[in-house]
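Below is one structure, written out as structure tokens; the observations come after it.
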Amino acid sequence: MKIQTFASANWVDPISLLYKPFRFSPLISCLCLALCLLFWSGISVAKTNTTIKPDRLKTVSEQFFDERKLASLLVQVRVNGDAVFSHTQGQAMPNVPATKDGHFRNGAVAIAYMAATLLKLAEQGLINLDTPIIKWLPHLPYADKVTPRMLSNMTSGYPDYVADAGFIEAFYDDPFRNWTNAERIKISNESTRVFEPGKNWDYSHAGYVILAEVMEAATNKPLKQLIQENVLEPMDLKHTLSIDTPYMPDPVIHAYSAERGIYEDATFWNPSWTLPEGAVQVTTIDDMARSFDTLVGKTGFLSEPMRQQMIAPTLVGFGAPLEGCRSCHTMSRNFYYGLGVFMSRDWIFQSPLFGGYSSMVATLPADRSPTGERITIAVATTAREDAFADWVEDPQNLADSLTRLFAVEVVPDNGLAPSRH
């Protein structure tokens, strides 16, 4: 058994870390063997300055599906909010074709929803982003130094429970176990802290679990209700559901994994470990694309001051590699973090990978786009058992890889920075 270690001395691309914390043998994130059933529609609903070539995007999708041995593939491209290309391919489970309304787990995309909810609460005067959280969690270590902003931008220094060997062993012993907020915060607090609050950057699931506790204490409302009232209902995201149990509504895109040494259906592994109670979600490709496009791509859903707080390159140049820290590094324009979202050059994105599911949604706002138009690319994939030569060392986020290929096709002059994959 081993936990993932970082390449390039002390650091590995944190994108590979998102919901892919488990690196003990053997490890897989894949789905059922596919028969490559194809369902595609290229949709052009409005004239745009951005060149969209549906036939070319379809070819790229099909080639990627075959070459990377995918089991299922869902894609949507939006320009100025309109869906201009959609593609669905593969199987949801053996002998059942994947469909565009198939549900999958959206993982860290819900972190963006949490951050947006936090910003709305701040604008309402219910939370000050820079007030020490001792106001709400007086018994938490370092609460006198940590702020909601630090929790949201991953600079709080609370160790990630996902890096704890005991947690990993317990998860794989029983992937159906339910994990409470309190259990995970306890693991974090008992782990060795490697930097003081606000002094470095490290991807930490624990930080967002603690942030949930802060938001609930400040409002006297459960997180699920806060996200529902501030994000899901205003955006009319009827197919994005906060479900803390393994349940998923039909139709389901099944995920398969060999992380425990045998190829098995991981669809209904308990996802409670991934995010705070109330933020564990399922979604569809349309909801994921439309919500992210609306949230970060333009002013309106968030006020411009709050949107800028979310996506400003404040942390570029911040942070440094640090011994004992999984993802500490110096932020650059090629990769930096805002409040609940990642940035690569001018693109804003999230790219979860866990339990056989991988996805990515990336938005290029109009004011950063060479065509002056807002562009969003959303991809969700599952992979066949033979997708990777070594699932233990490098189970990749294939949705991330395809999104970057699409970005070059759609905006040749302003793509995402290359990932390590």
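The values are calculated or read from the model by the stated rules, or taken from the named source; none is laboratory data. All of these numbers come straight from a predicted model, not from anything done at the bench. No Cβ is skipped: glycine too gets one built from the backbone with ideal geometry, and neighbour counts run over all protein chains shown.
P251 satisfies every condition listed in (1) in contact with a Gly (Cβ under 9 Å, 6 or more places away or on another chain); (2) surrounded by fewer than 19 Cβ atoms within 10 Å (Cβ to Cβ); (3) within 23 Å of L151 (Cβ to Cβ) except (3). Looking at A366, A399, A407, just one residue is modelled with pLDDT of 90 or more, of a type in the set (A, V, I, L, M) and surrounded by 24 or more Cβ atoms within 10 Å (Cβ to Cβ), and that residue is A399.
Scan segment 194-236 for residues that are within 18 Å of the chain's Cα centre (by Cα) and acidic (D, E) and the total you get is 1. If you go through segment 298-328 and keep only what is surrounded by 16 or more Cβ atoms within 10 Å (Cβ to Cβ) and more than 23 Å from S204 (Cα to Cα), you end up with K298, F301, L302.
Among the residues of segment 270-288, the one identified as farther than 25 Å from A163 by Cβ, assigned to a strand (DSSP E or B) and in contact with a helix residue (DSSP H, G or I) (Cβ under 8 Å, 6 or more places away or on another chain) is T283. Scanning segment 232-269 for residues that are under 23 Å from I111 (Cα atoms) and in a strand (DSSP E or B) yields L241, S242, V252.
For S191, the test of being surrounded by 20 or more Cβ atoms within 10 Å (Cβ to Cβ) and either under 20 Å from the mean Cα position of the chain (by Cα) or free of Cβ contacts under 8 Å to residues at least 40 places away in the same chain (or both) is failed. Would you please name the residue that is farthest from V109 (Cα to Cα), looking only at residues in segment 217-231 that are surrounded by fewer than 19 Cβ atoms within 10 Å (Cβ to Cβ) and polar (S, T, N, Q)? Step by step, filter segment 217-231, then rank; the result is N220.
All of T376, T363 fail the test of being of a type outside the set (F, W, Y) and either farther than 22 Å from N153 by Cβ or in a helix (DSSP H, G or I) (or both), apart from T376.
Residues of segment 109-149 that are out of contact with any Asp or Glu (no Cβ under 9 Å at 6 or more places or on another chain), crowded, with 21+ Cβ neighbours inside 10 Å and not small (G, A, S): V109, I111, Y113, M114, L118, L119, L121, I127, V146.
Go through D400, D413, D390, D386 for me and flag whichever is touching a residue at least 24 places away in the same chain (Cβ under 8 Å), part of a loop (DSSP other than H, G, I, E, B) and among the charged types (D, E, K, R).
Matching residue, one of D400, D413, D390, D386: D413.
Checking each residue in segment 97-116 for being under 16 Å from the mean Cα position of the chain (by Cα) and not hydrophobic (A, V, I, L, M, F, W, C) picks out H103, R105, N106, G107, Y113. The set of residues in segment 267-287 being of a type in the set (G, A, S) and either under 14 Å from the mean Cα position of the chain (by Cα) or at pLDDT below 95 (or both) consists of A279 alone.
Can you tell me which residue within segment 289-307, out of those that are under 12 Å from P365 (Cβ atoms), in a helix (DSSP H, G or I) and of a type outside the set (F, W, Y), is farthest from the chain's Cα centre (by Cα)? It comes out as E304.
In segment 125-145, how many residues are touching a residue at least 60 places away in the same chain (Cβ under 8 Å) and under 26 Å from the mean Cα position of the chain (by Cα)? Counting residues in segment 125-145 that are touching a residue at least 60 places away in the same chain (Cβ under 8 Å) and under 26 Å from the mean Cα position of the chain (by Cα) gives 3.
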